[in-house]
1. Return the residue satisfying two criteria in turn: it lies in the stretch 328-365 and is part of a loop (DSSP other than H, G, I, E, B) and within 17 Å of the chain's Cα centre (by Cα), and of such residues it is surrounded by the most Cβ atoms within 10 Å (Cβ to Cβ).
2. Would you check which residues across the stretch 11-41 are surrounded by fewer than 24 Cβ atoms within 10 Å (Cβ to Cβ), of a type outside the set (A, V, I, L, M) and part of a loop (DSSP other than H, G, I, E, B) and list them?
3. Out of the residues in the stretch 104-133 meeting the condition of being among the aromatic types (Phe, Trp, Tyr) and in contact (Cβ under 8 Å) with a residue 24 or more places away in the chain, tell me which one is surrounded by the most Cβ atoms within 10 Å (Cβ to Cβ).
4. Taking only the stretch 391-406 into account, find how many residues are modelled with pLDDT of 95 or more and crowded, with 20+ Cβ neighbours inside 10 Å.
5. Considering (1) surrounded by fewer than 20 Cβ atoms within 10 Å (Cβ to Cβ); (2) within 28 Å of Ala40 (Cβ to Cβ); (3) not acidic (Asp, Glu), say which one Leu266 fails and leave the rest.
6. How many residues are surrounded by fewer than 24 Cβ atoms within 10 Å (Cβ to Cβ) and assigned to a helix (DSSP H, G or I) if we restrict to the stretch 269-306?
7. Select, from Asp239, Asp220, Asp192, the only residue that is of a type in the set (D, E, K, R), in a loop (DSSP other than H, G, I, E, B) and either touching a residue at least 24 places away in the same chain (Cβ under 8 Å) or out of contact with any Ser or Thr (no Cβ under 6 Å at 6 or more places or on another chain) (or both).
8. Among what's in the stretch 61-103 and is in contact with a Leu (Cβ under 7 Å, 6 or more places away or on another chain) and assigned to a loop (DSSP other than H, G, I, E, B), pick the residue that is surrounded by the most Cβ atoms within 10 Å (Cβ to Cβ).
Amino acid sequence: MSSPHRPNIVFVLTDDHASNAIGCYGSVVNTTPGIDAIAAAGMRFDRALVENALCTPSRAAFLTGTYSHTSSVTTLATHLAHDRETFVTALQAAGYRTAMFGKWHLGHGPDHDPVGFDHWEVLPDQGEYFDPEFYTPDGPVRSEGYVTDIITEHALEWMDAQGDEPYCVLVWHKAPHRPWLPHPRHAHLFTDPIPLPPTFDDDYDGRGTPAHRATMRIADYLTDIDLKEDPPAELGYADRAVWKYQRYMQDYLRCVAAVDEGVQALTDFLHEHGQFDDTVTIYASDQGFYLGEHGWFDKRFMYEESLRMPLVLRYPARVAAGGATSALVSNVDIAQTLLDFAGVAAPEGMQGRSLVELVTTEDPAPVRDAHYYRFYEHDDRSHHVWAHYGVRTERYKLIYFYADGMGLPNAGDTSYPPEWELFDLEKDPHELTSVHLDPAYADIRRELTLKLWDLQQDLGDSPHPRQPVPEGRTR
């Protein structure tokens, strides 16, 4: 399959949408026909992993095709510099019409406003669910209505006004980010009990201090703002935890329902305007999210539910329908993939890999044999997740919790010694028991420790001073 035209690009990104809440990924809690249709017409990525499971750094990785240490966007408090090249600036320079609608979360002001867009309307910081304000090149503008609907509607209006030149539009939603305020039209959904995940009562006995220290347990740390009502007074601790889970999930999934309707509206537009075959459509989230797994909400950890993002892509002119891949791919790969599809050279310094060969050929070469992850925001204001980095291969995962905010704002207690965890994902897919000290895994531990060190050198990142230098390597 081939296309004589440069494709349009429609990139839908959500905030905190877990793969486990998408139909094509096997959800048992909801249906998502709009998102599923993208996968059915193209490719589903089953091992799409983020390089830093936090909103701001992940968005920078999508745009720049670089890791956090390269973009210098490492935490929520670090923003994207206006002179940083992105796939959007490259597309605009190549003649694409470009626009951005929704959640930017990469800073606001002369040094951080969106660059490379012919038109942009972005939410300040996290934005509001109802009657949201948007920053635009002409100043702030407030729109009446529900934020998910408004973002979609404004994107469609812009798409409808474009001529024959190819366009790229980013439709980046706030939803389903906390505090999960759904539209009233979805209040009737998910009133039946929602199944508990099998690890809901995890006690973390098979893992070290970091899992025990995290303040993300649904039973203890969801607030009255999250829940919108008080639990029944007569409930004991265990029953109250389940009640909180149901309230959390009801509103979360209702927010997802509005997103899915927006995705369907975009697809309908492409069909109605004869643009379906020659448009690259991507749906992704900026990271995974805990939906009660291990008793948690939120993200940040390198554990699978947080690390793995949903990613589906269709481009009927070149990508066969109904595909799925278990290749290890990353959010840093998206920039080069879109530029490759558009026939535009990637800016020098991008660190991802184009996925075009993976999705267009029958026997593609491996993308990578290991994925590198790093979370910098040690013990932040509310979640108390230790800073850590690690490597994930097809079967194993090695994590080094170095427990040091390295001077970051709100960095917490660094008196704890660093800790390692190693998981055999084939035998322990829920990552309940670290085998780092198991003698049977000594060779695997040694191999992964070297792989982690070498990946850091290859990518230009610096191992933390606390990390011992592996035998045969130098700092």
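The values are calculated or read from the model by the stated rules, or taken from the named source; none is laboratory data. Since the structure is predicted, the reported quantities are computational estimates derived from the model, not experimental observations. Here the Cβ is made from the backbone with ideal geometry for all residues, glycine too, and neighbour counts use every protein chain on show.
1. So, considering only residues that are part of a loop (DSSP other than H, G, I, E, B) and within 17 Å of the chain's Cα centre (by Cα), the one surrounded by the most Cβ atoms within 10 Å (Cβ to Cβ) is Gly352.
2. Scanning the stretch 11-41 gives Gly26, Ser27, Asn30, Thr31.
3. Trp104
4. So the count comes out to 8.
5. Checking Leu266 against (1) surrounded by fewer than 20 Cβ atoms within 10 Å (Cβ to Cβ); (2) within 28 Å of Ala40 (Cβ to Cβ); (3) not acidic (Asp, Glu), the one that fails is (1).
6. Of the residues in that region, 7 qualify.
7. Values: Asp239 fails: in a loop (DSSP other than H, G, I, E, B); Asp220 fails: in a loop (DSSP other than H, G, I, E, B).
The conditions single out Asp192.
8. Val73
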